[in-house]
Amino acid sequence: MARAAVGFSVRELAQRSGVADSTILRFETGKGDILTANLGKLQATLEAAGVVFVSADDVAGAGVRLKR
């Protein structure tokens, strides 16, 4: 959802983050785990593009939104 919110293709996110596009695809499709370091790179890249990651609470699950 975060990648779609900022309009990044898998290839663009890979180029911006330095994480292989195959790693991103495996993670997004649930076909493999991702290293913590790579997850951090993806999160930092998406946050720099305006994504805010929202933690789950008693009312709703985790999610993403865009900065105003």
Over the chain, with the other protein chains present, what is the accessible area per residue in square angstrom, probe 1.4 angstrom? 71
Given axes a ≥ b ≥ c from the Cα gyration tensor, I'd like to know whether the chain is rounded (a/c under 1.5), prolate (a/b larger than b/c) or oblate. oblate
Using +1 on the beta carbon of Lys and Arg, -1 on that of Asp and Glu, and nothing else charged, what's the dipole of the chain about the Cα centre, debye to 20? 240
What are the residues whose amide H is under 5 Å from the amide H of Val64, where those residues sit 5 or more places off or on another chain and H is modelled from the backbone? Val54
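The values are calculated or read from the model by the stated rules, or taken from the named source; none is laboratory data. Only a predicted model underlies this, so the values are computations on that prediction, with no experimental measurement involved. Every residue, glycine among them, receives a Cβ derived from its backbone with ideal geometry; neighbour counts consider all protein chains shown. Only protein heavy atoms, including side chains, enter the accessible area calculation; ligands, DNA and RNA are left aside. Shrake-Rupley method; radii C 1.70, N 1.55, O 1.52, S 1.80 Å.
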